[in-house]
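What follows is one structure encoded as structure tokens, with my remarks underneath.
The values are calculated or read from the model by the stated rules, or taken from the named source; none is laboratory data. A quick note: this is a predicted structure, and the numbers were derived from the prediction, not measured. Note: ideal-geometry Cβ built from the backbone for every residue, glycine included; neighbour counts use all protein chains shown. Ligands, DNA and RNA are excluded from the accessible area calculation, which covers all protein heavy atoms including side chains. Shrake-Rupley method; radii C 1.70, N 1.55, O 1.52, S 1.80 Å.
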Amino acid sequence: IEFFLTYFSGKSLSSLTENNIMQAVAKMPNRKHRQIWEARRDAALRKGLPVPDYVEKTVSAATRSQHLSFMRGLLKIAADEWKWIEKAPVVKVRKPVSRRIRWLTQDEVSTLIKCMPESFRHIVIFALATGLRRSNIIDLEWSQVDMQRKVAWIHQEKAKAGRAM
């Protein structure tokens, strides 16, 4: 809301268009980047060091998408439920493609297991070995475990993908 208020404060909801919203979000500055720079600037001033130059950085596609989704939802509620506007403008949001896949290295796994309290160690090892989510591990019942074959399974209604694992 804070971001959109800087652009649309004083304007009526009915005057907002998809174009206005898209233009505002397209040049959206990265506020966290600015905060980090300000902290570095303040530290440099306290120490009597030269202040680093500020280079503005825009937000990621995912952040733009989240803001557009929020605004789309807000405008739909304003039109459909609150009846503040006749019709909400169409705000198209493309879901960004997530390309980040990260695997723990063997050293990270060893460190993680060593740092765990003894009571959690076996649970963490089981989670790493199976890739199960916390809720799947917590809700696991003995009827889903075959110790002789060293197999455990998740019922499809409890699996995220909606199919048995």
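Solvent-accessible area of His122, all protein chains in place: 140 Å² (probe radius 1.4 Å, heavy atoms, ligands and nucleic acids excluded). Helix screen, the chain: DSSP H segments with Cα axial length of 27 Å or more and mean Kyte-Doolittle hydropathy at least -1.0 are 61-80. Of the trypsin sites (Lys or Arg not before Pro) found in segment 94-155, those that fall in a DSSP loop while having at most 12 other beta-carbon atoms within 10 Å are Arg94, Arg99, Arg100, Arg102, Arg149, Lys150. Projecting the Cα positions of Met147, His67, Asn30 onto the charge dipole of the chain (unit charges on Cβ atoms of Lys, Arg, Asp and Glu, taken about the Cα centre) puts Asn30 furthest along the positive direction.
For Lys160, the aspartates and glutamates whose Cα comes closer than 19 Å to its Cα, not counting residues fewer than 8 places off in the same chain, are Asp139, Glu141.
The slack between Trp82 and Arg31, meaning 0.36 nm per residue of separation minus the straight C-alpha distance, is 15.2 nm.
Summing Cβ point charges (Lys, Arg +1; Asp, Glu -1) relative to the Cα centre of the chain gives a dipole of roughly 440 debye. By accessible area, using a 1.4 Å probe on protein heavy atoms only, segment 106-158 has 57% of its surface on carbon and sulfur. With the cut-off at under 13 Å, measuring from each backbone N in segment 121-142 to a point 7 Å along the Cα-to-Cβ line of Thr111 picks out no residue. Counting Lys and Arg as +1 and Asp and Glu as -1 over every other residue whose Cβ lies under 15 Å from the Cβ of Glu86, the net charge comes to +1. For mean projected area of the Cα convex hull in nm², the value calculated from this model appears in (i) 10.8; (ii) 17.6; (iii) 11.7 under label (ii). Taking GluC sites (Glu not before Pro) as exposed when DSSP calls them loop and at most 11 other C-beta atoms lie within 10 angstrom, the chain has its longest site-free stretch at 1-55.
Only DSSP H runs of four or more residues enter the estimate; each adds -39500 (n - 2.57), and after division by the residues of the chain the mean residue ellipticity at 222 nm equals -15000 deg cm²/dmol.
Which pairs break 22 Å Cα to Cα here: Lys11/Lys83; Lys11/Lys32; Lys27/Lys95; Lys114/Lys158; Lys11/Lys76; Lys27/Lys83? Where the Cα-Cα span goes over 22 Å, the pairs concerned are Lys11/Lys32; Lys114/Lys158; Lys27/Lys83.
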